[in-house]
Structures are given as structure tokens and as C-alpha cells.
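Taking it in order: structure first as C-alpha cells, then the write-up.
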Amino acid sequence: MSIPQLRPLLCFIFLCTSILLHSQATTDKKHGRNVIHHEDGSISVGRTKNYLKHGKWYTSYPTHKRKSVGRYRHGKAWGEHSGYWPNGNRQWVITYFDGKRNGISATFDQKGDTTQYCTYLYGQRFGYTYERDTVTQYWSRGEMYQDQKTGTWTISNGDSLIVCNYSADKRNGSFHAELFDNRVVHGYYKNDVRDSVWRISMNGHVMIELWYANGKKDKTEKLFFANSDSIYCETRYRSPNDAAVFIINQKPGVPGKIEWYSSFIVDSIHLYHTNGKIQSRSIYKKCYDGKSVVHSANYVYDQNGKLLIKTLSSPDGKDSLRYDYGANGNVTRIVNFKHGSIIATTYYYDNGNMRVRYAEDSIQVYSIEGKKLRMATPAYNKVFAQIDSIENSLAVIPLYNVPDGPESPYRLSDAHDLVLIPPVIPTFPGGNDSLRAFMFRNLKYPRHELETEIEGRVDVQYIVEADGSLTGIQITKVTPENNRAFKNEAIRLVKSMPKWIPGEDASGPVRVLWSLPIRFSLE
């Protein structure tokens, strides 16, 4: 399963009318009244002094409705400047002092609801800041100091809540998220990288527990059985990013597989029967290149712990000897391999004496007392009949098998790969305006809902991969409930999207879980 995570779009929405807000505004006329006609049909009117804007300036839409208003002194913005939507509602307000933002700065949607609010001190953001994205409906709020995030920041869209602490615009301190699917994520950051313990829980039970030291995996990482406090698998580290032991349990308290490592290279692997007893032990050693490994020895046991097979390999791993054991623990057969091919096979009696030896093109047969037998004699034929019986009793057991364990209820990639609030968020090509335009052009209103005038909303969740592709598309919420037509159209729309610009952190592009509300409105 994929463990999702949420990230709002944290950006200021300042529109093209901000061209009026440059700290130094010039015109073509030295003194007096000026009228400026813009390419979009709007008109700006005001006075100038020494070619600089001075006094009150107005901008109107082509319909002659007010678009913006503000005062200037010698070309620098002063006091409160405001912009307006075509419906007359205020679109933005910014307070200036000597050409720099100083005081309240806010933007509003066409209904008049606040989309961004903050205060400035001589051009830098200070104090309480609020931001809301009009597409995703995620909002965030917190404190700014000298244009950098500080203290506790809260992000939410009504279904999920994320609380993160910042210092000098970097994540520092605790992180807590309550997600729409009842998952809870809690952890700590240090200088914008994970540090100390991180836990992901659901329904009161821990799903995943990870330890970090300055962004590197450290101590242990654990996955738990669903709705249980028992460990499904665990990796133990001897130092950051240096795994020492990896354990998978078949069921609570019963191991299925244990791997040991040194310097990132496997040392040995133990597999276990369903009763918890050892099934096999594989021992490895480095090749001469120091990078790869070969089997040094392998041991296979029955469900009662008795040794069935032992295999010893040469230093280069090309040659080996296989020993098969009987019920009383004695050797019944030895097979000699060279470059993977059998060059000799020897069978033994229970007393340890040689019974038959195949080597190259020769066959040697012995009695239980050690006497060499002649070909085609009754004793000779009897020994071969016994060999057939031995062969039938020797089970075909793979020496280096890795049995399929139980399916993991969770994936570590849910915690490692999906980044929570990356410094650079994923975006639709061209930004929010392009996303709105794409949705407007491509959304197909379901026919039945259109004819019956049914409106709705669908929340779609997906992963923006590191290459910008969208995967894991699923519906998290739909209104009206269980409306299949809206669901299908929302999924189709997201699948038809081009690749996004991926999110990034210090390591480069990363996978980010995203949520997008799609509205079906007849307005």
C-alpha cells in the first residue's frame, strides 16, 4: 500500500496589476495629467512630476469599472494600494512606505474570501501569515520573521492537518500530520532533514517506525503487522545508513528470514520453517573484487532441526562439495561440482564405508565391509538397488532458496520516498492558471448529471513521481456520495494530464503525494 502525504501549494497570488506597484514608476510626460492605455484594454490615469508618478493613480477595466487605485510620491508607492475584480470585490490590498511594502498585504478571491494575508516591515514579511490555494483549497498559516518561516506552521484543507515547526525558513523540531485516511505521522526535523524517531500510525497502531540521524537511516526501521503491535520486519543499523541485520517475521514472534551485513555486503542469511525452527543457513564471503559475494557454505535442515544438506564452496565460488545426510546424521552422499557441473558422486553406507563412486567414466562399487565388488554379480546388483532407494529418499531441496514470506502490510517506500512538504512543491506545467485552463477545457460534465442539474466535487489523490508522471490515482472523497459518473470523469481528467514539474528537496526530484479537488458546477 502506499502511504499518502499531503502538501498545499504555498505561494502568493499576485496578479498582473502589480505592474503599478514597482518602487519607481515613470511615465512619458514630465508634468501634469497622464492617461496610459494598456494592451489588455485597461486604462491608467494619474499625475506626474518630473516624469515620475505623483499623487493618486487609478486603473480601470475596458468596461470602465475600477481595477486598481493607489498613491505615489516621486514615483514610489505610498500608503494603501488596492486592486479590484471585475465584479467590484477587492482583489488585493498592499500598504507601502517609500516604495517598499510596509504593513498589510492581502489577496482575495472573487467572492471576497482571503487567499493570502501577511504583514510587511520595510519590504520583509513579519508576523502572522495566512495563505490559501484556490485550486486545492489547502491553507497554511504561521509566523514570519525577516521573510523566513519561524515557529509553528499549520496546513489543512479540512480533511487533513499538518503541523510543522520552522526556524530561519528550515524545518526544525516536531512534525505532526493527521491525514484524511486516518493515518497519523509524527517525527522530528533538524535543519530541514529528518532526525530522531518517525512513526506512522493508523487506528491507534504503529504501522512504520524509522530512526534518522541528520537525514540518514539510523538505529532501526520497523514495519508492523496490520492492526498489531508486533513487528513484521526490522532493519538494524550499526551506524547511519550502514545496515547490520534485517529480519522478516512469518507471524508475530516467529522469524521467517534473517540477514546479516557488513559494509553493505551480505554475510549470512537464515531461513526458518513455519514452526520457527531453522530451515537453512547461507554463509557468504567477498569476492576478490571486494564488491560482490559468493557462497562460502550452506546448510539445510528439516522441520525438526536435523541437518539434511551441507554445501562448501571454493574461494572463487566456482567449485563446491555437497554433503547429504541420513536420518541418523551420517553422510549418505557427497557430490563434487566443478564450474557448476558434477565431476564425481560418492555414496556411503551407514557405517561410513564407501558404497559407490562415480568419477569421470569409471564406476566403483563396494560391499558394506569395504570389499570392491565385480560388475554384474548379485552383490553388485544389490548395491545399485540400494542406491535407487537412497535417491528416492533424498528430497530435491534448493540450496539457496529464498522462500516467499508473508506479504508486507506496508511499504517502507511509503515513508522513505514520499516526501512530506518538500522545499520545492510539484506544479502543473505553467502553474495554477494553466491547471485551471486545462480543467476548464478538458472536463466533460456527465450527461445525466448535466440534464438533472446535479453538481458535485471529487477529491483525487495521486503521486507526482520524480519524473513528473502521475501514478496511484484514486478517489478519496466524492459529493454526492458514491456518484460513479463524477468519479470516473475525475480519474479520466487526471490521467489525461501532462507530466507535472516534480517536487524537489536537497537531493533533487522526489515523489510527492498530491490531492486535487475537482468541482462539477453548472455556474
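The values are calculated or read from the model by the stated rules, or taken from the named source; none is laboratory data. All of these numbers come straight from a predicted model, not from anything done at the bench. All Cβ positions, even for glycine, are placed from backbone atoms using ideal geometry, and neighbour counts span all protein chains on display. The accessibility values were calculated without ligands, DNA or RNA, using every heavy atom of the protein model including side chains. Shrake-Rupley method; radii C 1.70, N 1.55, O 1.52, S 1.80 Å.
The strands (runs of 3 or more DSSP E) found entirely in the stretch 437-510 that carry 2 or more residues being over 23 Å from the mean Cα position of the chain (by Cα) are 456-464, 470-479.
Looking at this structure, is PHE246 open to solvent by less than 40 Å² (accessible area, probe 1.4 Å) and in contact with an Asp or Glu (Cβ under 9 Å, 6 or more places away or on another chain)? Before the answer, list the steps.
Numbers: open to solvent by less than 40 Å² (accessible area, probe 1.4 Å): no; in contact with an Asp or Glu (Cβ under 9 Å, 6 or more places away or on another chain): yes.
Judged against the criteria, PHE246 is not a match.
In the set (1) surrounded by fewer than 19 Cβ atoms within 10 Å (Cβ to Cβ); (2) closer than 30 Å to THR129 by Cβ; (3) at pLDDT below 90; (4) among the basic types (Lys, Arg), the condition left unmet by LYS30 is number (2).
Being outside any loop (DSSP other than H, G, I, E, B) and touching a strand residue (DSSP E or B) at 6+ places or on another chain (Cβ under 7 Å) is the filter here; which residues of the stretch 364-378 pass it?
First, pick out the residues of the stretch 364-378 that are outside any loop (DSSP other than H, G, I, E, B): 364-366, 372, 378.
Within the stretch 364-378, GLN364, VAL365, TYR366, LYS372 meet the criteria.
Just to be sure before I move on: is GLY317 surrounded by fewer than 17 Cβ atoms within 10 Å (Cβ to Cβ), among the small types (Gly, Ala, Ser), within 48 Å of the chain's Cα centre (by Cα) and at pLDDT below 85 in the structure I sent? Yes, satisfied. Remark: pairs (first residue in the stretch 326-340, open to solvent by less than 40 Å² (accessible area, probe 1.4 Å); second residue in a loop (DSSP other than H, G, I, E, B) and of a type outside the set (Phe, Trp, Tyr); Cβ separation under 6 Å; 6+ apart in sequence or on different chains) = ASN330/ASP350; THR332/GLY326. Only residues that are among the charged types (D, E, K, R) and over 18 Å from PHE384 (Cβ atoms) were counted across the stretch 332-356, and they come to 1.
Residue-wise test of (1) in contact (Cβ under 8 Å) with a residue 40 or more places away in the chain; (2) more than 20 Å from HIS64 (Cβ to Cβ); (3) of a type outside the set (Phe, Trp, Tyr).
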{"position": "GLU80", "(1), (2), (3)": "no, yes, yes"}
{"position": "TYR84", "(1), (2), (3)": "no, no, no"}
{"position": "GLY88", "(1), (2), (3)": "no, no, yes"}
{"position": "ILE94", "(1), (2), (3)": "yes, yes, yes"}
{"position": "GLY99", "(1), (2), (3)": "yes, yes, yes"}
{"position": "ILE104", "(1), (2), (3)": "no, yes, yes"}
{"position": "ASP113", "(1), (2), (3)": "no, yes, yes"}
{"position": "TYR117", "(1), (2), (3)": "no, yes, no"}
{"position": "TYR120", "(1), (2), (3)": "no, yes, no"}
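Quick one: would you say GLY508 is on the phi > 0 side of the Ramachandran plot and at pLDDT below 90?
Working: on the phi > 0 side of the Ramachandran plot: yes; at pLDDT below 90: yes.
It is true that GLY508 is on the phi > 0 side of the Ramachandran plot and at pLDDT below 90.
Residues are listed down the side, and each one gets a yes or a no for (1) among the small types (Gly, Ala, Ser); (2) surrounded by 15 or more Cβ atoms within 10 Å (Cβ to Cβ); (3) out of contact with any Gly (no Cβ under 9 Å at 6 or more places or on another chain):
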position: THR427; (1), (2), (3): no, yes, no
position: THR452; (1), (2), (3): no, no, yes
position: GLY456; (1), (2), (3): yes, yes, yes
position: ALA466; (1), (2), (3): yes, yes, no
position: ARG484; (1), (2), (3): no, no, yes
position: SER515; (1), (2), (3): yes, yes, yes
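The single condition from (1) in contact with a Leu (Cβ under 9 Å, 6 or more places away or on another chain); (2) at pLDDT below 80 that VAL365 fails is (2). Just name the residue that is nearest to the chain's Cα centre (by Cα) out of those in the stretch 44-65 that are exposed (fewer than 15 other Cβ atoms within 10 Å of the Cβ) and assigned to a strand (DSSP E or B). Of everything passing the filter in the stretch 44-65, TYR58 is nearest to the chain's Cα centre (by Cα). Hey, among LYS216, LYS190, which residue is under 18 Å from the mean Cα position of the chain (by Cα) and open to solvent by 50 Å² or more (accessible area, probe 1.4 Å)? Answer to the check: LYS216.
Within the stretch 109-168, the set of residues being of a type in the set (Asp, Glu) and either crowded, with 19+ Cβ neighbours inside 10 Å or assigned to a loop (DSSP other than H, G, I, E, B) (or both) comprises ASP109, ASP113, GLU131, ASP133, ASP147, ASP159. Going residue by residue through the stretch 66-82, is there one that turns out to be open to solvent by less than 20 Å² (accessible area, probe 1.4 Å) and β-branched (Val, Ile, Thr)? The answer is no, given that none of the residues of the stretch 66-82 is open to solvent by less than 20 Å² (accessible area, probe 1.4 Å) and β-branched (Val, Ile, Thr).
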